[in-house]
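Chemist: Before I ask anything, here is the structure I am working with.
The values are calculated or read from the model by the stated rules, or taken from the named source; none is laboratory data. Only a predicted model underlies this, so the values are computations on that prediction, with no experimental measurement involved. Backbone-built Cβ (ideal geometry, glycine too); neighbour counts: all protein chains shown.
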Amino acid sequence: MVISESSARRQALRDPDVQLMLEVRDDSAAAFEELVLRYQDRLVAFLGHLMGSRDQAEDLAQEVFLRVYRARKTYVPGAKFSTWLFTIANNVAANAIRTLARRHEVRPEAHASGPMGANPLDHMALASSSQMPVRRVAKAETREIVRLAIESLGQRQRMAVLLSKFEGMCYADIGEVMDLSPQAIKSLLARARGNLREVLSPYMERGEQPGALRNPNGE
């Protein structure tokens with residue numbers, strides 16, 4: 001994709017992270033360090049919930065930043081920096097998941113708490129607990145139930161939900177990351193929300209632990 005310098009400047013003005021990446025393209029170590037500081041915790045949290053392992057998430061985040069650095073000379077600011085970065089993260093995670101599948105490994109349980117910054121599962125947990133007038137539950141317990149519900153989703157649905165909840169991305173940006181149309185993302189998220197409601201309803205209504213959701217399509 002060919003981007004004119006004037007277009008690049010306009011994109012950089014709209015997105016300060018694009019400006020930093022353009023400086024990285026010009027071999028600025030300080031700009032690269034700043035991008036790592038801005039996105040490392042976000043990437044680790046996102047990948048941790050996607051992969052189910054904090055340790056693996058940290059390794060994959062390093063791989064993402066390594067790919068960013070290697071691609072610096074060919075970088076063109078055709079989209080928001082975060083969209084470009086999470087497209088790389090999506091590819092890295094997909095490769096890792098395929099490798100795990102080939103090895104027939106079981107994903108370990110995710111531990112979303114810890115020094116990751118603000119946890120979007122806290123907000124989802126509060127939203128869930130507010131719908132239970134009879135049963136007041138600890139936020140940590142509800143967060144764990146929400147985590148399990150998200151883990152029950154197929155890879156594509158989980159990816160879309162995490163991009164929506166973690167990064168606040170719109171349908172178009174999620175579609176760019178996942179190489180799907182905005183309408184396809186809208187449908188994917190609708191199915192994911194329906195599946196989450198199905199898994200969470202026994203807990204929300206009766207305080208029962210949710211059962212695993214079968215997803216034969218692997219979405």
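Chemist: Using the structure shown, decide if L37 is surrounded by fewer than 16 Cβ atoms within 10 Å (Cβ to Cβ) and not basic (K, R).
Modeler: So L37 passes the test.
Chemist: Output the residues belonging to segment 64-87 that are under 20 Å from Q155 (Cβ atoms) and crowded, with 19+ Cβ neighbours inside 10 Å.
Modeler: Hits for segment 64-87 are V64, T83, L85, F86.
Chemist: Now a separate question. Output the number of the condition that L50 fails; it satisfies all remaining conditions of (1) at pLDDT 90 or above; (2) closer than 30 Å to L153 by Cβ; (3) crowded, with 19+ Cβ neighbours inside 10 Å.
Modeler: So the condition that L50 fails would be (1).
Chemist: I would also like to ask the following. Being outside any helix (DSSP H, G or I) and among the charged types (D, E, K, R) is the filter here, so list the residues in segment 178-204 that pass it. Reasoning before the result, please.
Modeler: Going through segment 178-204, the residues outside any helix (DSSP H, G or I) turn out to be 179-181.
If the condition is that a residue be outside any helix (DSSP H, G or I) and among the charged types (D, E, K, R), then D179 is the only one that fits.
Chemist: Something else now. Looking at the structure I just gave you, is A45 closer than 23 Å to L100 by Cα and of a type in the set (A, V, I, L, M, F, W, C)? Explain how you work it out, then say what you get.
Modeler: Working: closer than 23 Å to L100 by Cα: yes; of a type in the set (A, V, I, L, M, F, W, C): yes.
Yes: the conditions hold for A45.
Chemist: Oh, and also: Which one is nearest to A89 (Cα to Cα) among residues in segment 171-188 that are surrounded by fewer than 17 Cβ atoms within 10 Å (Cβ to Cβ) and of a type in the set (G, A, S)?
Modeler: This residue is A172.
Chemist: Continuing with this model, one more query. All but one of (1) modelled with pLDDT under 95; (2) surrounded by 15 or more Cβ atoms within 10 Å (Cβ to Cβ) hold for E105; which doesn't?
Modeler: (2)
Chemist: Of all the helices (runs of 4 or more DSSP H) wholly in segment 116-167, which have at least 1 residues that are at pLDDT below 55?
Modeler: Ranges flagged: 120-129.
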